[in-house]
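Colleague: Following this message is one structure expressed as C-alpha cells.
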Amino acid sequence: MMLTLARGIGQGRRIALLNVFGMVFVAGMVQVSMLVLGLATLLHSYPLALDVLRWVGAAYLVWLGIKMLKVSRQRSDAVLKPRMMTGWQAVKEGAINSLTNPKSLLFMFAFLPQFVNPETGPVWLQLLVLGSIQKLAGILSLGSVAMASGTVGQWLARNPRLLVWQQRFTGLVMMGLGAKLLLGGGAASAPR
C-alpha cells in the first residue's frame, strides 16, 4: 500500500493505477496459479524458500526507500518533477513488489484453503475462484488508494516543502518495512 501511495502522490493516478495492476493482476495471476498448483504446500515444506523470498523482498523495499530518500535530497524541482515512470515500469515495479512479499503469499496460502470443500467440486476450481475474488478485492481497495493518493499528489505539488517531506517519510517507511522483514524472523515465525 505504501508503494501505491508513493506512486500516486509522486507520479499521479495513472502510474499508481498501473502499479496496482502489476501488484494485483500480474502478480496475482502468478500467485493464484501457485495456489491452484499446490505450491503452497511446497513452500510450507521448505522454510528456507520462504526465508529467501523474505530476504529478496526486504532488500527490494530497502532499495526503493533509498531511491526515494536520494530524490528527496536533490533540488526541490527534482522532487516536484521526478523522472516519470513509464506504464511498463509501474506495472513491473508493482508485480515485483507483490511477488517478493512473503506475507501476501502466506496469507493467501493459509487463508483461502480453509474455505475449500472437496465435496462440492474440484479443489483447483474452488481455489481459482477464491483467489480471483481476493484479487478483485485487492484491485478495488488498492485502486481506491491509488485514486486518492493521486488527488493528494496534486495538492502536494502546490506545496513543495510538504512533497519533499512526504518523499523522505515514505522512503524511511519503505526502509523500515524492509528492515522489519529482515529482522522479523524466518518462515517459522510468519503467520500461517
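The values are calculated or read from the model by the stated rules, or taken from the named source; none is laboratory data. This one's a predicted model, so the numbers in the text were calculated from it and none came from an experiment. Ideal geometry is used to build each Cβ from the backbone, glycine not excepted, and the neighbour counts take in all protein chains shown.
Colleague: F111 - would you say it is exposed (fewer than 14 other Cβ atoms within 10 Å of the Cβ) and closer than 27 Å to L182 by Cα? Full working, then the answer.
Modeller: Numbers: exposed (fewer than 14 other Cβ atoms within 10 Å of the Cβ): yes; closer than 27 Å to L182 by Cα: yes.
In short, yes.
Colleague: If you don't mind, another one. When the residues of region 70-96 are filtered to those that are farther than 22 Å from M23 by Cβ and assigned to a helix (DSSP H, G or I), which remaining residue is modelled with the highest pLDDT? Working first, answer last.
Modeller: Of the residues in region 70-96, the ones farther than 22 Å from M23 by Cβ are 70, 72-81.
Narrowing further to those that are assigned to a helix (DSSP H, G or I): 70, 72, 76-80.
Numbers: K70: 83, S72: 68, S76: 53, D77: 54, A78: 49, V79: 48, L80: 50.
For region 70-96, the residue satisfying everything is K70.
Colleague: Return the residue satisfying two criteria in turn: it lies in region 161-183 and is more than 18 Å from the chain's Cα centre (by Cα) and surrounded by 13 or more Cβ atoms within 10 Å (Cβ to Cβ), and of such residues it is modelled with the highest pLDDT.
Modeller: Within region 161-183, the first condition is being more than 18 Å from the chain's Cα centre (by Cα), and the residues that meet it are 161-166, 168, 183.
Retained after the next criterion (residues that are surrounded by 13 or more Cβ atoms within 10 Å (Cβ to Cβ)): 162-166, 168.
Numbers: L162: 75, L163: 71, V164: 75, W165: 78, Q166: 74, R168: 83.
Selected residue: R168.
Colleague: So which residues in region 125-151 are surrounded by fewer than 13 Cβ atoms within 10 Å (Cβ to Cβ) and over 17 Å from S104 (Cα atoms)?
Modeller: L125, S144
Colleague: Which of the residues spanning region 59-69 are farther than 24 Å from L156 by Cα and at pLDDT below 80?
Modeller: Y60
Colleague: Considering only residues that are in contact with a Leu (Cβ under 8 Å, 6 or more places away or on another chain) and buried (at least 19 other Cβ atoms within 10 Å of the Cβ), which ones fall in region 17-31? I'd like the intermediate steps shown before the answer.
Modeller: Going residue by residue through region 17-31, those that are in contact with a Leu (Cβ under 8 Å, 6 or more places away or on another chain) are 19-20, 23-24, 27, 30-31.
Within region 17-31, N19, V20, M23, V24, A27, Q31 qualify.
Colleague: Determine which single condition L43 fails, assuming it passes every other condition in (1) in a helix (DSSP H, G or I); (2) modelled with pLDDT of 85 or more; (3) surrounded by 14 or more Cβ atoms within 10 Å (Cβ to Cβ).
Modeller: (2)
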